[in-house]
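S.K.: This is the structure I want to talk about, given as structure tokens.
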Amino acid sequence: MSSRGFSLLETLVSLVIVALIATVMMQSLFQVLGLRERVLRHEAEARQAALQQAWFRDSVAALVAEMPERQGGFRGDPEGWSGTSLAGPSGAGLRRIEWRLTGLPGQRVLQLSENGGPALTIRAVGDRARMRYLGPDGVWQTAWPVTDAASEPLPRAVRLDDPDEGQALLWWEPVLTGPGLPQPLRTALEPFDADGF
């Protein structure tokens, strides 16, 4: 029985077929890697957006009216708001929070600061982004307090509208704590008298 090897032509055809298969596989691999990168980038952006919205929601939901002996109070206008909250990005606890829309047209950003510290840029926003405040009458206001002698120290809800965002960004959250600090926290923050009571 004689063994016959591959001819030169058969070897060349085999190499061409293997090269074509390798080229197709490499292109598919690059497409899969590119798709994976885009999915991971989208997932990271979605996580970041959810975290930013959670910071906004937590700080609004935990707003409290200022106690008479402390300065300030909740103040809001179309460009942002500042107030005392029991929650924020750095955790729970009584702190002064400020959310502000700043920057030149075409370069506006949403910033957050705690206790007068440096402002953290949260995200880019459009030129028409605005804050709104829900009054007790159910009407969204452009500023808070509505009058200097307002009987309501806090709005019922706060929202951020950005119609220029890709899918029209809308964050809104009701103020859950109501006026004043909860009594256990108020008691813990009040100074003791001379007898320690």
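The values are calculated or read from the model by the stated rules, or taken from the named source; none is laboratory data. No experiment lies behind these values; they were computed from the predicted model shown. Cβ atoms come from the backbone with ideal geometry, glycine included; neighbour counts cover every protein chain shown.
S.K.: Taking the range 27-61 as the search range and keeping residues that are among the charged types (D, E, K, R) and under 30 Å from Trp144 (Cα atoms), which one is surrounded by the fewest Cβ atoms within 10 Å (Cβ to Cβ)?
M.R.: For the range 27-61, the residue satisfying everything is Arg57.
S.K.: Sort out which residues of the range 97-145 are more than 21 Å from the chain's Cα centre (by Cα) and crowded, with 18+ Cβ neighbours inside 10 Å, and write them in order of number.
M.R.: Across the range 97-145, the qualifying residues are Trp144, Pro145.
S.K.: A further question on this structure: Just to be sure before I move on: is Gln27 assigned to a helix (DSSP H, G or I) and either farther than 19 Å from Glu152 by Cα or in contact with a strand residue (DSSP E or B) (Cβ under 7 Å, 6 or more places away or on another chain) (or both) in the structure I sent?
M.R.: yes
S.K.: Counting only residues that are more than 17 Å from Ala124 (Cα to Cα) and part of a helix (DSSP H, G or I), how many does the range 42-64 have?
M.R.: Residues flagged as more than 17 Å from Ala124 (Cα to Cα) and part of a helix (DSSP H, G or I) within the range 42-64 amount to 6.
S.K.: Looking at the range 86-99, can you tell me whether even one residue there is basic (Lys, Arg), in a strand (DSSP E or B) and modelled with pLDDT of 95 or more?
M.R.: No, the range 86-99 contains no residue that is basic (Lys, Arg), in a strand (DSSP E or B) and modelled with pLDDT of 95 or more.
S.K.: Here's another thing I want to ask about it. Considering every residue within the range 182-197, establish whether at least one is of a type outside the set (Lys, Arg), surrounded by 14 or more Cβ atoms within 10 Å (Cβ to Cβ) and modelled with pLDDT of 75 or more.
M.R.: No: the range 182-197 contains no residue that is of a type outside the set (Lys, Arg), surrounded by 14 or more Cβ atoms within 10 Å (Cβ to Cβ) and modelled with pLDDT of 75 or more.
S.K.: Could you say whether any residue in the range 114-129 is in contact with a helix residue (DSSP H, G or I) (Cβ under 8 Å, 6 or more places away or on another chain) and either more than 15 Å from Val60 (Cβ to Cβ) or acidic (Asp, Glu) (or both)?
M.R.: Yes: the range 114-129 contains one or more residues that are in contact with a helix residue (DSSP H, G or I) (Cβ under 8 Å, 6 or more places away or on another chain) and either more than 15 Å from Val60 (Cβ to Cβ) or acidic (Asp, Glu) (or both).
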